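Trainee: Here's a structure for you.
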């Protein structure tokens with residue numbers, strides 16, 4: 001796999017970010033966060049909720065639920 005190939009996680013988060021799709025993030029401790037994905041890297045997600053930004057470590061994330069469907073094209077995913 002070359003560096004230009006994105007994984008499903010990156011495609012999902014980037015689509016939510018670009019299309020400004022609000023997400024609900026459940027943490028492993030049961031806490032629920034809502035907002036817009038402003039950015040992400042291999043270890044963190046930046047979430048914005050009414051102008052307040054939070055950095056969430058991905059290892060603490062259990063589930064991410066978008067408010068509207070994330071659409072993938074054949075170009076985006078091989079599955």
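Trainee: Once you have a ≥ b ≥ c as the square roots of the Cα gyration tensor eigenvalues for segment 17-79, tell me rounded if a/c is under 1.5, and otherwise prolate or oblate according to whether a/b is larger than b/c.
Mentor: Because a/c hits 1.5 or more and a/b exceeds b/c, segment 17-79 counts as prolate.
Trainee: Fewest to most neighbouring Cβ within 10 Å: what's the order for 18, 64, 45, 70?
Mentor: 18, 70, 64, 45
Trainee: Also, I was wondering about something else. Compute the distance in nm between two label points, each set 7 Å from the Cα along the Cα-to-Cβ direction, one at residue 71 and one at residue 29.
Mentor: My value for the distance between the label points is 3.8 nm.
Trainee: Distance from a point 7 Å along Cα→Cβ of residue 7 to each backbone N in segment 48-71: keep the residues under 14 Å and list them by number.
Mentor: Only 58-61 fall inside the zone, counting backbone N under 14 Å.
All of the numbers you see were taken from the coordinates with simple rules; none came from a lab. Predicted, not measured: the structure shown is a model, and the values here were computed from it. Heads up, the Cβs are rebuilt from the backbone with ideal geometry, glycines too, and the neighbour counts pull from every protein chain shown.
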